[in-house]
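First the structure, in the form of structure tokens, and then the observations on it.
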Amino acid sequence: MALIEVQNLKKYFPVKQGPIDVLLRKPRKFVKAVDGVNFQIDEGKSLGLVGESGSGKTTTGRVILRLEEPTDGKIIFDGRDITKLSKEEMRKLRKEMQIIFQDPMASLNPYMRVGKAIEHALKIHGIGDRSSRKEMVFEMLRRVNLEPAEDIYRRYPRELSGGQRQRVVIARALILKPRLVIADEAVAMLDVSVRSQLLRLLQDLRKEFNLTMLFITHDLATTKYVCDEIAVMYLGKIVEVGDFEDIYLNPKHPYTQALISAVPEPSLKKKKKFIPEGETPNPIDVPSGCRFHPRCPYRMDICMKEEPQLKVVEENHKVACHLYN
Amino acid sequence: MKVLELENVSVRYKTEEKTVNAVENVSFHLEKGETLGLVGESGCGKSTLGFSIMRLLPKGTKIDGSIKIEGTDISSLSDEEMRQIRGSKVAMIFQDPMTSLNPILRIEDHFVEMILTHRPELSKEDARELAAKALEDVGINRNRLRDYPFQFSGGMRQRVMIALSIVLNPAVLIADEPTTSLDVIVQAQIMELLEKLTKEHKTAMILITHDMGLVAEAADRIGVMYAGHLVELASKERIFTNPLHPYTVGLLRSIPNTDVNDKELRYIPGSPPDLSNPPEGCRFAPRCEKAMKICWEKEPPEFEIDGTRVKCWLYGGDQNGTD
């Protein structure tokens, strides 16, 4: 059963208008960060949400947790529509939905010992008493390989390395035993050897805690290790979704094909590249029809007029592209 | 022809309480038109090395050894003489182009100021024409010369920076993580552009990056840095088919590959040492699975094996002290 499902999720941010725009009665413009996204993640499964900057992947994650209010659409968590829950109800629910951000230095209070920061999460949700909480923190620190736990407990974030800090953030998220974890570029800032260590940790924790995960990243290669399925986003929409293997070996959407071919391969084999011209357009003026059409080498007349819908092309593989109609 | 020669270059920073040995005894040279990839993780000294070639490190930083650009030892130059060399003989592009461009100057002004500094004999008109050509070379329409930096996207800004850095045709270009802040498709466009331009102008380039994939595609030779040391230097082919230093081996192994059936994550345990208090002996020894007794005691010299330069005791002729 789906633990989390979003239906036609939209998030528009109004663009600031100057006094002259107001006087001229110019219509208000919107940044369409997320523009009709649908997906679901079954309990215990992990979905990789892949896209470039401006694709709306981060906003999608934030809207699911209601850190941003959705403009339209539905968010269903464990069979319950949470789109309209009050702030207070949402706060209680966040125990079950945690998020891990890219920069641990920005998610940790620099003046709070890291052990206290983890303990704080328990306190807020009224779990355990003073001594049992401390014991739980030690146990969690050990679990994310931060040892000796008693020593790490007393450290401040600045006294830890980047990788260690991100482990603290993971520990803080998981100590609440959440059912859904949203990891937003959680390993992007780290060097390659440390990144692999953390991916391994996430891999293990996922199994151990039976986590459902939304893994948001710009790096397709890392999704292989922690995701069952991948959804590729472009300009606020999902253009392709399927199993990792299918997406990687047999990408259908021209954008996905470009994304995969553009990754520099650390080997001597010369890779065939398919690089579209230009850059992702501004999400204020979204192109008509298929959003990718101005950059797409295969574009047809219909692509400029009609927006393609996500359709099943193979088992468990959906694409939004007129080429497959 | 050697356009850049580094010999025993060491860089030391002094902070309030400690001295940091950011780079130690690095030697290499660059042939005309060649691309050297300098790879390593954060804090390995690769960017510091780039900055020391430009002599752009903060005052109080101590640089030992010699750095020669087209035969001129830059340590003997005055600040004014160095300014003459920067931009005309050696240029640098950075990760974030927005911090390298002045937000209140038009693109044109950046070019004109730079061109006239180095070639005062030119008229403003000539300088503008040169700038327009350089912009066209990087795929930007010449009428955008009158625009401001904020009117360009990230990828376009980096194109402007590239145009600025090559307009005077320097012999050496230092590209410090030039595509790190860009999306992967734009990165591919920029790398293609850099390769094309350096080939056309026969510019030698040092490509500083943490991304093994980038150097695999763009470099002729690769230098691997770890904790301030150049631990291995070899042709690209050698590095990828026969890496010698255990750190290089570990680094290559920990890169996520694209084999869908291989989901095992490999990594080098531990993290790099504190450079204000580096370990005695080999700096990689605490993380090295092949560490021997001597590795903990004595810093390895550089050995040469079939054209690869490697700083590791495994390749020392007589391994007395082997355990």
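The values are calculated or read from the model by the stated rules, or taken from the named source; none is laboratory data. This one's a predicted model, so the numbers in the text were calculated from it and none came from an experiment. Here the Cβ is made from the backbone with ideal geometry for all residues, glycine too, and neighbour counts use every protein chain on show. Ligands, DNA and RNA are excluded from the accessible area calculation, which covers all protein heavy atoms including side chains. Shrake-Rupley method; radii C 1.70, N 1.55, O 1.52, S 1.80 Å.
Consider B:LEU168 carefully, then state whether it is within 13 Å of chain A (Cβ to nearest Cβ) and aliphatic (A, V, I, L, M). No; evaluated as a whole, the condition is false for this residue.
The listed residues are B:ASP220, B:ASP183, B:ASP211, B:ASP176, and the only one of them that is within 12 Å of another protein chain (Cβ to nearest Cβ), within 15 Å of the chain's Cα centre (by Cα) and among the acidic types (Asp, Glu) turns out to be B:ASP211.
Identify all residues within the range A:178-194 that are of a type outside the set (Val, Ile, Thr) and free of Cβ contacts under 8 Å to residues at least 40 places away in the same chain; write none if there are none.
Across the range A:178-194, the qualifying residues are A:LEU190, A:ASP191, A:SER193.
Quick grid of which residues meet (1) basic (Lys, Arg); (2) at pLDDT below 95; (3) more than 18 Å from B:VAL224 (Cα to Cα):
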residue: B:ASN277; (1), (2), (3): no, yes, yes
residue: B:ALA291; (1), (2), (3): no, yes, yes
residue: B:ILE305; (1), (2), (3): no, yes, no
residue: B:THR308; (1), (2), (3): no, no, no
residue: B:ASP323; (1), (2), (3): no, yes, yes
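For the range B:264-282, check the following and say yes or no: at least one residue is part of a helix (DSSP H, G or I), under 19 Å from B:GLY40 (Cβ atoms) and more than 9 Å from every other protein chain (Cβ to nearest Cβ). The answer is no, given that none of the residues of the range B:264-282 is part of a helix (DSSP H, G or I), under 19 Å from B:GLY40 (Cβ atoms) and more than 9 Å from every other protein chain (Cβ to nearest Cβ). Mind checking whether some residue in the range B:135-158 is in contact with a helix residue (DSSP H, G or I) (Cβ under 8 Å, 6 or more places away or on another chain), β-branched (Val, Ile, Thr), crowded, with 18+ Cβ neighbours inside 10 Å and in a helix (DSSP H, G or I)? Looking for residues that are in contact with a helix residue (DSSP H, G or I) (Cβ under 8 Å, 6 or more places away or on another chain), β-branched (Val, Ile, Thr), crowded, with 18+ Cβ neighbours inside 10 Å and in a helix (DSSP H, G or I), one finds none in the range B:135-158, hence no. When B:PRO256 is tested against (1) assigned to a loop (DSSP other than H, G, I, E, B); (2) surrounded by fewer than 18 Cβ atoms within 10 Å (Cβ to Cβ); (3) facing chain A (nearest Cβ under 10 Å), just one condition goes unmet, and that condition is (2). Scanning the range A:224-249 for residues that are open to solvent by 10 Å² or more (accessible area, probe 1.4 Å) and under 19 Å from B:PRO256 (Cα atoms) yields A:TYR225, A:ASP228, A:GLU229, A:ASP243, A:GLU245, A:ASP246, A:TYR248, A:LEU249. Could you please let me know if B:PRO301 is closer than 22 Å to B:PHE28 by Cβ, in a loop (DSSP other than H, G, I, E, B) and facing chain A (nearest Cβ under 9 Å)? Taking the combined requirement at face value, the residue does not satisfy it. The numbered conditions (1) more than 9 Å from every other protein chain (Cβ to nearest Cβ); (2) among the small types (Gly, Ala, Ser); (3) free of Cβ contacts under 8 Å to residues at least 24 places away in the same chain are all true for A:ALA231 except (3).
Take the conditions within 14 Å of chain B (Cβ to nearest Cβ) and open to solvent by 10 Å² or more (accessible area, probe 1.4 Å) and apply them to A:SER53. Does it pass?
yes
All conditions in (1) aliphatic (A, V, I, L, M); (2) more than 8 Å from every other protein chain (Cβ to nearest Cβ); (3) part of a loop (DSSP other than H, G, I, E, B) hold for A:ILE275, with the sole exception of (2).
Any residue at all in the range A:264-272 that's touching a residue at least 12 places away in the same chain (Cβ under 8 Å) and more than 9 Å from every other protein chain (Cβ to nearest Cβ)? Scanning the range A:264-272, I find no residue that is touching a residue at least 12 places away in the same chain (Cβ under 8 Å) and more than 9 Å from every other protein chain (Cβ to nearest Cβ), so the answer is no. Among the conditions (1) of a type outside the set (Lys, Arg); (2) closer than 30 Å to A:TYR248 by Cβ; (3) more than 11 Å from chain A (Cβ to nearest Cβ), the only one that B:ALA227 does not satisfy is (2). Looking across the range B:186-203 at every residue that is charged (D, E, K, R) and part of a helix (DSSP H, G or I), the one that is nearest to the other protein chains (Cβ to nearest Cβ) is identified as B:GLU192.
Among the residues of the range B:288-298, at least one is part of a helix (DSSP H, G or I), at negative phi and open to solvent by less than 40 Å² (accessible area, probe 1.4 Å). Among residues of the range B:230-243 being open to solvent by 10 Å² or more (accessible area, probe 1.4 Å) and in a helix (DSSP H, G or I), the one that is farthest from the other protein chains (Cβ to nearest Cβ) is B:ARG238.
So is A:ALA221 within 9 Å of chain B (Cβ to nearest Cβ) and free of Cβ contacts under 8 Å to residues at least 40 places away in the same chain or not? Judged against the criteria, A:ALA221 is not a match.
Could you pull out every one of the helices (runs of 4 or more DSSP H) wholly within the range A:146-228 that has 1 or more residues that are within 30 Å of A:LYS92 (Cα to Cα), more than 14 Å from the chain's Cα centre (by Cα) and not small (Gly, Ala, Ser)?
Numbers: elements: A:149-153, A:162-174, A:192-209, A:220-226.
Those helices (runs of 4 or more DSSP H) span A:149-153, A:162-174, A:192-209.
Might you check whether a residue that is within 14 Å of chain A (Cβ to nearest Cβ) and part of a helix (DSSP H, G or I) occurs anywhere in the range B:43-58? Yes: the range B:43-58 contains one or more residues that are within 14 Å of chain A (Cβ to nearest Cβ) and part of a helix (DSSP H, G or I).
Restricting attention to the range A:185-200, does a residue exist that is in contact with a helix residue (DSSP H, G or I) (Cβ under 8 Å, 6 or more places away or on another chain), open to solvent by less than 50 Å² (accessible area, probe 1.4 Å), more than 14 Å from chain B (Cβ to nearest Cβ) and modelled with pLDDT of 95 or more? The answer is no, given that none of the residues of the range A:185-200 is in contact with a helix residue (DSSP H, G or I) (Cβ under 8 Å, 6 or more places away or on another chain), open to solvent by less than 50 Å² (accessible area, probe 1.4 Å), more than 14 Å from chain B (Cβ to nearest Cβ) and modelled with pLDDT of 95 or more.
A residue that is touching an Asp or Glu at 6+ places or on another chain (Cβ under 7 Å) and not β-branched (Val, Ile, Thr) occurs somewhere in the range B:254-276. The set of residues in the range B:23-42 that are assigned to a loop (DSSP other than H, G, I, E, B) and open to solvent by 60 Å² or more (accessible area, probe 1.4 Å) comprises B:LYS32, B:SER42. Within the range B:110-130, being open to solvent by 60 Å² or more (accessible area, probe 1.4 Å) and within 23 Å of B:PHE150 (Cβ to Cβ) holds for B:GLU113, B:ARG128. A search for C-beta distances below 7 Å between a residue of the range A:149-175 that is farther than 24 Å from A:MET97 by Cα and any residue that is outside any helix (DSSP H, G or I) and among the hydroxyl-bearing types (Ser, Thr, Tyr), counting only pairs 6+ apart in sequence or on different chains, returns A:SER161/B:SER271.
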